[in-house]
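As structure tokens, the structure follows; a few thoughts come after it.
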Amino acid sequence: MTFSSQLLTNTFPMFNDLFNRKPEDKPFLISGPCSAETEAQVLETCQRLAATGKVQALRAGIWKPRTKPGGFEGVGAKGLPWLKKASELTGLPVAVEVATAKHVEDCLAFGVDLVWVGARTTGNPFSVQEIANALRGVDIPVLVKNPIHPELELWVGAIERLQKAGLKQVGMIHRGFSSYGNTDYRNAPMWHLPIEMKRRMPEMPILNDPSHICGRRDTLFAVAQQALDLDFDGTMIESHIDPDNAWSDAKQQITPEVLKQLITDLVWRHETTDKEEFVNALAGLREQINNLDAEVMQLLGRRMAVAEKIGQYKKENDITILQTARLNEILERSKRQGAQVGLTEEFVERYMEAVHLESVLRQERVMQG
């Protein structure tokens, strides 16, 4: 069965709340079990989620990619009628992850209202193109999770492939990134990467997936709140009627009732306001930032001019550009100075490494001059 030439239209107007958001709109929440396990489990979870009054769309994993064979890989297409029934009982749309053209066809055949591309799939341009081709001519919202590894161009490329297939409602899901040595999160949030995506695509909605970032329940709220503080449009959080006995990702799931309290406790801030006192105060502080940034740029320019003079002396005396002991000395001194003015060691290291790299490049140009 193919839907490539058939126009299927989303019938749930609440998706307008996600793709045409207004400042007063509340966070958009998608929730449901990590995996659809049984019909009874799906229906009870979805009905209890609907009863919270906090959920705009339901989700459940139908196909579950696993790193090694032998694990639970989802119930497959037989779970799609369960979700369709859950939608009929609750009046809420349903969302499913797809990784192949066959997944897309099965979802469309059973009236799935939103699909998303998972992190493993986003990292494979061939798979994304296959999905895009299967969705050509279909009017359905599609969300794209970031790739497992922190490569923004793969994320951007996946979105562009779907857009070139004619899809109009495309959004993003930030679910964190694989990171060696990371212990605090299942997938490190690396907030600067979704922030950069928001900068590049300011009109595109982005949801946060604290379940996959955290990998455990006790840190879900903090991550969800941070995402809202960064002006994300909502969240996707996994919920299960019996989390400890879930067939997949048990540690990161919460009951619908716990989810309701978590969402209730979140503070929803807006990007701006028209209150005159706030606007005037913010304008004054931003002007201070502008002036300070200009001073920093002037100082950096002077610093690089000195670096070029050092490069000239090194060239005249046959001295290598890179001197590791000097770099370590600069970093240690800068970290001490930064700590005195409240700068984190991580920030100082990143900043000084960038400054040092620019200095080395300037000296290389002098050497080659």
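The values are calculated or read from the model by the stated rules, or taken from the named source; none is laboratory data. Computed from a predicted model, the values in this text were never measured in an experiment. Cβ coordinates were reconstructed from backbone atoms using ideal geometry, including for glycine residues, and neighbour counts include every protein chain displayed. Side chains are part of the model used for accessible areas, which takes the heavy atoms of the whole protein and leaves out ligands, DNA and RNA. Shrake-Rupley method; radii C 1.70, N 1.55, O 1.52, S 1.80 Å.
With axes computed from alpha carbons, what is the tilt in degrees of helix 39-52 against the longest principal axis of the chain, rounded to the nearest 10 within 0 to 90?
70 degrees
Here are labelled values, [x] 25, 48, 23, 4, 0; [y] 29, 48, 20, 3; [z] 18, 26, 21, 16, 10, 6, 2, 1, 0, 0, and one is the computed P(r) over Cα pairs in 20 Å bins from 0, in percent for what I pasted. Which one?
[x]
Starting from the amide H of Ala188, placed 1.01 Å from N in the peptide plane, find each other amide H under 5 Å away whose residue is 5 or more places distant or on another chain.
Under 5 Å from the amide H of Ala188: Phe177, Ser179.
Give me the distance between the Cα centres of region 338-368 and region 281-306, rounded to whole Å.
17 Å
If the cut-off is a Cα-Cα distance under 16 Å, which lysines reach Lys102, setting aside same-chain residues fewer than 8 apart in sequence?
Lys64, Lys78
Show Lys260, Lys275 ordered by accessible area, largest first, where the area counts protein heavy atoms only and the probe is 1.4 Å.
Reading off the accessible areas and sorting them downward yields Lys275, Lys260.
With every protein chain left in place and a probe of 1.4 Å, what is the accessible surface of Glu358, to the nearest 10 Å²?
Near enough 70 Å² of accessible area.
Which ³J(HN,Hα) values in Hz, rounded to whole numbers, follow from the phi angles of region 125-136 under the Karplus curve 6.51 cos²θ - 1.76 cosθ + 1.60, where θ = phi - 60° and Gly and Pro get x?
x, 5, 5, 4, 5, 4, 5, 4, 5, 5, 8, 4
With a 1.4 Å probe and all protein chains kept in place, how do Glu316, Glu238, Glu160 rank by accessible area, largest first?
Solvent-accessible surface, decreasing: Glu316, Glu160, Glu238.
Using a 7 Å offset from Cα along Cα-Cβ at Arg269, what residues in region 217-247 end up with backbone N under 18 Å from the label point?
Within reach of a label on Arg269, which here means backbone N under 18 Å from a point 7 Å along Cα→Cβ, region 217-247 contributes 221-235.
Once label points are set 7 Å from the Cα along Cα→Cβ at both Asp244 and Thr320, what is their separation, rounded to one decimal in nm?
5.9 nm
Quick one: length gained pulling Leu89 to Glu203 fully straight, 0.36 nm per residue minus the C-alpha distance?
Stretched out fully, the Leu89 to Glu203 stretch lengthens by 37.7 nm.
Apply the Karplus parameterisation 6.51 cos²θ - 1.76 cosθ + 1.60, with θ equal to phi minus 60°, to every residue of region 346-360 and state each ³J(HN,Hα) to the nearest whole Hz, in sequence, with x for glycine and proline.
Calculated HN-Hα couplings, in order: 4, 5, 4, 4, 4, 5, 5, 5, 5, 4, 5, 4, 5, 4, 4 Hz.
Where the eigenvalues come from the Cα gyration tensor of region 181-330, what are the semi-axes √(5λ) of the equivalent ellipsoid, largest first, in whole Å?
Calculated on Cα positions only, the semi-axes equal 45, 27, 12 Å.
Relative to the first principal axis of the alpha-carbon coordinates of the chain, what is the inclination of helix 80-90, with its axis defined by its Cα atoms, in degrees from 0 to 90 and to the nearest 10?
80 degrees
Under the rule of at least 5 residues apart or a separate chain, name every residue whose amide H is placed under 5 Å from the amide H of Phe28.
The answer is Gly234, Thr235.
With a 1.4 Å probe and all protein chains kept in place, how much accessible area does Met201 have, in Å² rounded to the nearest 10?
Estimated to the nearest 10 Å², Met201 gives 30 Å².
How far is it, in nm, from the label point at Leu299 to the one at Arg365 when both lie 7 Å from their Cα along the line to the Cβ?
About 2.2 nm, to one decimal.
Report, by chain and number, residues whose modeled amide H sits under 5 Å from the one on Trp247, excluding near sequence neighbours (fewer than 5 apart, same chain).
Close amide H contacts, sequence-distant or interchain: none at all.
Using Cα atoms only, what is the angle between the long axis of helix 276-316 and the major principal axis of the chain, expressed in degrees (0 to 90) to the nearest 10?
50 degrees
Provide the solvent-accessible area of Arg175, counting protein heavy atoms only and rolling a 1.4 Å probe, rounded to the nearest 10 Å².
Per-residue accessible area (Arg175): approximately 30 Å².
Order the following by accessible area, largest value first: Lys335, Lys145, Lys251. Probe radius 1.4 Å; ligands, DNA and RNA are ignored.
On the way: Lys335 35, Lys145 10, Lys251 155 Å².
Descending accessible area places them as Lys251, Lys335, Lys145.
Can you tell me how much longer the chain between Val258 and Phe278 gets when fully stretched, taken as 0.36 nm per residue apart minus their C-alpha distance, in nm with one decimal?
Numbers: separation 20, 0.36 × 20 = 7.20 nm, distance 3.50 nm.
Stretched out fully, the Val258 to Phe278 stretch lengthens by 3.7 nm.
Among Gln41, Phe28, Thr324, which residue has its Cα positioned farthest towards the positive end of the charge dipole of the chain, with +1 placed on the Cβ of Lys and Arg, -1 on the Cβ of Asp and Glu, and the dipole taken about the Cα centre?
Thr324
Counting alpha carbon pairs within less than 8 Å and at least 6 residues apart, what relative contact order, in whole percent, applies to the chain? Could you put the intermediate results ahead of the total?
Numbers: 585 pairs, mean separation 52.8, N = 369.
Here the relative contact order equals 14 percent.
For region 221-260, take the convex hull of the Cα atoms, compute a quarter of its surface area, and give me that in nm², please.
3.0 nm²
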